[in-house]
Amino acid sequence: MQADTYTVAPARRPLTSVMHEWVTTVDHKQLGIMYIIASCGFLVLGGMEALLMRLQLWAPEMDLVSPDTFNQLFTMHGTTMIFFVVMPVEAGMANYFVPLMIGARDMAFPRLNAFGFWMFLFGGFLLYFSYFGAMGLYGAGSAPDIGWYAYAPLTSPAFSRGNSTDYWLLGTMLSGVGSVSFAVNMIATIITMRAPGMRLSTMPLFGWMILVTSGLILFAFPPFTAAEIMMLFDRHLGAHFFDTQAGGDGLLWQHLFWFFGHPEVYILALPAFGIISEVIPVFSRKVIFGYATMVMATVGIGFISMGVWAHHMFTVGMSDTIDLLFSGATFLVAVPTGIKMFNWTATLYGGRLRMTVPMLFALGFLALFLIGGLTGIMLAVVPMDWQLSDSYFLIAHFHFVAFGGILFGIMAGYYYWYPKAVGRMMNRKLGLWHFWLQFIGFNLTFVPMHFSGVLGMPRRVYTFEAGYGMEIWNQLSTIGAVVTGISLAIFVVNLIYSYFRGREAGDDPWNAWTLEWATTSPPPAYNFEEIPTVKSRRPLWDLKHPDDPDWKHE
Amino acid sequence: MNAPGASPNQLTAAQAHAAETGETLFADSKKLGMACFLCSESAFFITLLVAYALYLGKDTVGPTPAEALSMPLVIVNTVMLLSSSGTIMLAMKHYRDGRYGQFRVFLAITILLGAAFVIGTAFEWKDLIEAKHLTISRNLFGTTFYTLVGFHAAHVTIGLILMSILLGIQTAGHLSKESPAAELISWYWHFVDGVWVVVFTLVYLIGR
Ligand code: HEM
Ligand SMILES: [Cu+2]
């Protein structure tokens, strides 16, 4: 009889053979893990850049790093965090768990999946290669120093010599190609490969959020790619898209960038919302409150978020009418987002809460994302934005959303799903240290930025002057950044420690309800022995409670 | 290895839905994937079109579209490309009915028409560059024109490559009857033609 390669304990294989398997894999779970590990690497880089900036801003007129270096630091930090940390970690989690949650054996296009991963990874390498290779013929600059939205004319050949801007353009463009292939694959998988009986209306909410995120990627990334191509033509073929002297217009870049850039914020946020929508019900021991409104709010966000981009441009002097329109649209997007907040809170209400580490991160998400959302509404008021834009208040706002919201949500996902992917629980004690230090460190970093911002401290400036009352806020921020850094180090230690020493998890350590918990931890290559038939939103509940299944009530 | 395969009597939710309603786009992952890809492609072209429209008449130096663009050649070109949409439709009809000989003939005609379009574009560009001195760096018109028309022509060229490969594989007898490849490539070709209709309208009718 032939041995079963999946159940027989594998003999130790030579390293080259293991490496070969990982490099050539098209398995959605292995690719998911590779996305996540790569994103951890980029998180370390992006975090170091942030820490360096904060150390430079510890006191007035410091010269730890030069002004030029500082410009490179915030550019690389922002670009890294958005394109190479949050995008891939979410792509990784979606890759790993969406097929499992919908009861599929793999993604629709496994090879396209691998293609997307490698595009992302080489995009990241290309961006960071600028540190070594971007001197070009001019010996000017090493890393790009154009900010994460690369406004013209900073990027024009006259102001950006050497090739650093080209590495930025090509790196983000490649990773964008990866994102589009990810999106195509996800939509095809979610629509066509759900398990027997799983209708769209009984699909886990995480699947819904990934579906809408993928739709957004499909329409937001190509315009960005087109704009980047225009920029490359300007730089290398002498085209005039953004060249004012020849009648071109730098404003076109701003519109095209933010037509991508704002949906991108929701592309990053929706998967985190999806994680929260899975974690909160399981640890409140209640079904999600308002599943249908949750789906509608997600789709609503998808559409509205395509029409608010120019709220990033209130300060460039558009007409009053345009300001008004985009301000109004921005208020509108707060409605579906608010509905979600209420749904999560209502799910908690009256639940039997279990304060596990993923639940703590989910609660942290709720609190911090709420604050980020509220300062967002403040900034949607045009005169308010004129005053606060490009100050540290704005930095505080979007870090409450991007870090307090999105990254806390992702952390909830890590602690929730790690046992499934690895077969061992993440250590709870280290997890508690991680959570509390990250929560305290985060607030210590970013709450004070609201104050320094209101006092007039501009973003993207390498230092500040003494005597305007900003010293104390900056020092608090820097201490907070160090604490946050320690918390993230504990997180990485926990990931590694638990891999070797974590408690055995079993198939379903959280007593959860969705299909990924119906198979072994980690799942076999084919995911399920037998594809389950689904009758309700909580198929695993139905299995565990044949006397009182959900589908009788839905 | 005895990893269980999907048991044949189990339909995914989408397949069951398709069996009920006869709606296949949302049950066939390859078709849906292609449709999604074409959506992203249209977002790409819309961006180039918007840039073209926005910069119409903003040039600081000539030549302007009215001075540079001549209609006769491009009209012939357009007729050829549009009729290639018709020939590939016929090819697909024969393909579905199992008349592979005719399928190959019409596919070959489509390829020839598409190739003629690309060659026609090359002659148009040669004239623009040599006689009208319009290059990509000459003025805004040159910038937006060559980018838009160039990306379209690149897509036509990719379509030609795909169709030639399809023709080769089919002739060699390596294309299985269930493969959706022919249909998906025909979708792509129709899409490229559709884009040309918009480009032609904007560049040669409105903008000239
Ligand atoms: C590890 C904790 C973090 C710290 C201490 C931190 C700190 C900072 C600082 C000091 C700046 C520059 C402010 C300026 O001078 O303009 C900045 C900018 C930025 N950060 Fe973070 N950050 C952190 C995490 C994140 C995360 C998780 C994201 C996104 C997912 C993010 C996205 C950005 C972006 C987009 C910018 C703007 C870059 C630019 O101006 O072009 N950061 N951050
Ligand atoms: Cu926005």
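Filtered by the rule that a residue be surrounded by fewer than 21 Cβ atoms within 10 Å (Cβ to Cβ), within 13 Å of ligand 1 (Cβ to nearest atom) and not in a loop (DSSP other than H, G, I, E, B), the range A:445-472 gives A:447, A:458.
Residues in the range B:91-150 that are open to solvent by less than 30 Å² (accessible area, probe 1.4 Å), over 19 Å from the mean Cα position of the chain (by Cα), farther than 27 Å from residue B:43 by Cα and aliphatic (A, V, I, L, M): B:128, B:134.
A quick yes/no check of all residues on (1) within 14 Å of chain B (Cβ to nearest Cβ); (2) within 16 Å of ligand 1 (Cβ to nearest atom); (3) over 22 Å from residue A:168 (Cα atoms); (4) modelled with pLDDT under 95:
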site: A:242; (1), (2), (3), (4): yes, no, no, no
site: A:246; (1), (2), (3), (4): yes, no, yes, yes
site: A:256; (1), (2), (3), (4): yes, no, no, no
site: A:259; (1), (2), (3), (4): yes, no, no, no
site: A:262; (1), (2), (3), (4): no, yes, no, no
site: A:272; (1), (2), (3), (4): no, yes, yes, no
site: A:278; (1), (2), (3), (4): no, no, yes, no
site: A:328; (1), (2), (3), (4): no, no, yes, no
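The selection criterion, being assigned to a helix (DSSP H, G or I), touching a residue at least 60 places away in the same chain (Cβ under 8 Å) and either among the aliphatic types (A, V, I, L, M) or touching a strand residue (DSSP E or B) at 6+ places or on another chain (Cβ under 6 Å) (or both), holds for residue A:100.
Residues in the range A:485-500: is at least one over 30 Å from residue A:62 (Cβ atoms), within 14 Å of another protein chain (Cβ to nearest Cβ) and among the β-branched types (Val, Ile, Thr)? Scanning the range A:485-500, I find no residue that is over 30 Å from residue A:62 (Cβ atoms), within 14 Å of another protein chain (Cβ to nearest Cβ) and among the β-branched types (Val, Ile, Thr), so the answer is no.
Can you say whether residue A:129 is modelled with pLDDT under 95, surrounded by fewer than 17 Cβ atoms within 10 Å (Cβ to Cβ) and part of a helix (DSSP H, G or I), as far as the supplied structure shows? Answer is yes for this residue. Of all residues in the range A:308-320, those that are within 14 Å of another protein chain (Cβ to nearest Cβ) have Cβ atoms under 6 Å from Cβ atoms of residues that are within 14 Å of ligand 2 (Cβ to nearest atom), 6 or more apart or on another chain, in A:309/A:258; A:309/A:259; A:309/A:262. Restricting B:57, B:22 to residues that are under 30 Å from residue B:147 (Cα atoms), modelled with pLDDT under 95 and open to solvent by 40 Å² or more (accessible area, probe 1.4 Å) narrows the list to B:57. Residues that are open to solvent by 60 Å² or more (accessible area, probe 1.4 Å) and more than 13 Å from chain B (Cβ to nearest Cβ) within the range A:501-538 comprise A:501, A:503, A:504, A:507, A:511, A:520, A:522, A:537, listed in sequence order.
The residue of the range A:100-120 that is nearest to the chain's Cα centre (by Cα), among those that are within 12 Å of another protein chain (Cβ to nearest Cβ) and open to solvent by less than 10 Å² (accessible area, probe 1.4 Å), is A:113. Scanning the range A:296-329 for residues that are β-branched (Val, Ile, Thr), closer than 28 Å to residue A:279 by Cβ and open to solvent by 20 Å² or more (accessible area, probe 1.4 Å) yields A:299, A:304. Selection over the range B:166-208 of residues that are in contact (Cβ under 8 Å) with a residue 12 or more places away in the chain and acidic (Asp, Glu) gives a count of 2.
Please verify whether residue A:34 is under 22 Å from residue A:491 (Cβ atoms), out of contact with any Pro (no Cβ under 7 Å at 6 or more places or on another chain) and away from ligand 1 (no atom under 16 Å from the Cβ), treating the condition exactly as stated. So residue A:34 fits the description; yes.
The numbered conditions (1) farther than 21 Å from residue A:201 by Cβ; (2) open to solvent by 10 Å² or more (accessible area, probe 1.4 Å) are all true for residue A:286 except (1).
The values are calculated or read from the model by the stated rules, or taken from the named source; none is laboratory data. For clarity, every value in this text was computed on a predicted model and none was experimentally measured. Methodologically, a virtual Cβ is constructed for each residue, glycine included, from the backbone with ideal geometry; neighbour enumeration extends over all protein chains shown. Side chains included, ligands, DNA and RNA excluded: accessible areas come from the protein's heavy atoms. Shrake-Rupley method; radii C 1.70, N 1.55, O 1.52, S 1.80 Å.
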